[in-house]
Amino acid sequence: MNNQSLIEADPEIFQTIQKESVRQKNGLEMIASENYASLAVMQAQGSIMTNKYAEGYPHKRYYGGCEFVDQAEILAIDRLKKLFNAPFANVQPHSGSQANQAVFLANLKLHDTILGLDLSNGGHLTHGSPVNSSGIFYRGATYKIDPESEAKPKLIIAGYSAYPRFLDFEKFKNIADDVGAELLVDMAHFAGLVATGHHPSPFPYADYVTSTTHKTLRGPRGGIILTQKEEKSKLVNSRIFPGIQGGPLMHVIAAKAVAFGEALRPDFKTYIGNVILNAKTLSEELLSQGFELVTGGTDNHLLLLDLSKTEVTGKLAETALDESGITVNKNTVPNEKRSPFVTSGIRIGTPALTTRGMGPNEMRQIGKWITKVLKNPEDLKVKAQVKAEVESLTQSFPLYT
Ligand code: DSN
């Protein structure tokens, strides 16, 4: 058996991980869907639980030797139920995409209609986009921020990847009831806000709630499904396994349990409050510098800079900021005129920097740097200077010490 450590066994991969570690430490991570998982989460995720097959659910497995992975999965389920005050939880989805697929498989037949937020208005690929299985197996109809739709869907999805305000779940539920549709809330982006009472809860309105676990929830990469009714929970459980997945990733489930335990602690509520305060502070700074924001500000962890009236595209902004040590992603904005590869906006989030301990003072400074770079996106000197200042700031907020 090979007991060599990574540095000896595979120096090439070791080096790439080292380089990524330096990149994460020296830069400002502002992609709204990213965060820094705790050391404890990463230890669980990197543990020997990865060796175990456990198809099935706790106490009903298709393999022997599952007594300890059962304990881990039961802890994850119990903590998750407590976190969202939900009676039924599935912690096995490998990702948010698979969590959504299981809900579709539980409720839809081939070519039934899904109604989801339009991608260019901040929606998500898995909500019925024609290039995703949700739009290939089913008919993807879309609504926009101004919600007029003629579709007669079987399933309505409330959720987004780029929208800076709260969602009104009661209204969604009323519309779903009117057309006889089920309501799925995909809270991947704002799950941490819901867990801490900083965003209204999808319950009691949603029939199904899906999420990822690595964004504002700050856990390992993965997905979850919550339900309120036993028969719905049984149905989606069977759609995850054996429907679309085989063996659950027990190391990831152990890490989910750790993350849910962390999110149940009072300091997580303080953390999410600071994420929102930071997003609001950064929004105010950028508005005061003359930028436009989609919806004029934010209530959550992200903001969308609308560059459509400027010469600077989202693509150029993303590249120029990246060269200055600030990582964001280009994003379409409502009524987008440019292609999805170019776009007229950038999405900026505060979860990761808040985990690092940054606060309003740093957000104001970052707003000034973003302004400087976006006013001079081709100026190598400006970008080098901002990068040096960014690096100097990050030294005061160490990661994984
Ligand atoms: N890729 C995620 C995001 O950036 O929002 C959604 O899956």
Violations at 23 Å Cα threshold for listed pairs K19/K387; K337/K375; K171/K215 -> K171/K215
Percent carbon-and-sulfur accessible area, the chain, ignoring ligands, DNA and RNA, probe 1.4 Å: 53 percent
Positive-end residue, segment 39-99 charge dipole about Cα centroid, Cβ charges, pick of P87, T50, I77: P87
So which of K269/K315; K152/K256; K330/K368; K25/K280; K52/K81; K232/K256 end up more than 28 Å apart by C-alpha? K269/K315; K152/K256
Assuming a ≥ b ≥ c are the square roots of the Cα gyration tensor eigenvalues, decide whether the chain counts as rounded (a/c under 1.5), prolate (otherwise, with a/b larger than b/c) or oblate. oblate
Would you mind working out the magnitude of the charge dipole of segment 162-253 relative to its Cα centre, with +1 at each Lys and Arg C-beta and -1 at each Asp and Glu C-beta, to the nearest 20 Debye? 420 debye
Roughly what % of DSSP beta bridges within segment 68-191 run antiparallel, to the nearest 5? 0 percent
Using the Cα centre of the chain as the reference point, and only Cβ charges (+1 on K/R, -1 on D/E), how large is the resulting charge dipole? Debye, rounded to the nearest 20. 180 debye
Straight-line reach from K173: which aspartates and glutamates have a Cα under 12 Å away, not including same-chain ones fewer than 8 places off? E182, D207
So what is the accessible area of the chain per residue, in Å², with the probe set to 1.4 Å? 45 Å²
Run the reach check for K383 against aspartates and glutamates, Cα to Cα strictly under 20 Å, same-chain hits fewer than 8 apart removed. What comes back? E29, E285, E311, E318, D322, E323, E362, E391
How many angstrom lie between the Cα centre of segment 20-77 and the Cα centre of segment 334-401? 30 Å
Take every DSSP beta bridge with both residues inside segment 149-290 and express the antiparallel ones as a percent of the total, to the nearest 5. 40 percent
Looking at the chain, what % of its DSSP beta bridges pair antiparallel, to the nearest 5? 55 percent
Please state the charge dipole magnitude for segment 5-139, taken about the Cα centre, from unit charges on C-beta atoms (+1 on K and R, -1 on D and E), reported in debye and rounded to the nearest 20. 380 debye
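The values are calculated or read from the model by the stated rules, or taken from the named source; none is laboratory data. The structure displayed is predicted, hence computed values, not measured ones. Note: ideal-geometry Cβ built from the backbone for every residue, glycine included; neighbour counts use all protein chains shown. Accessible surface areas use protein heavy atoms only, side chains included; no ligands, DNA or RNA. Shrake-Rupley method; radii C 1.70, N 1.55, O 1.52, S 1.80 Å.
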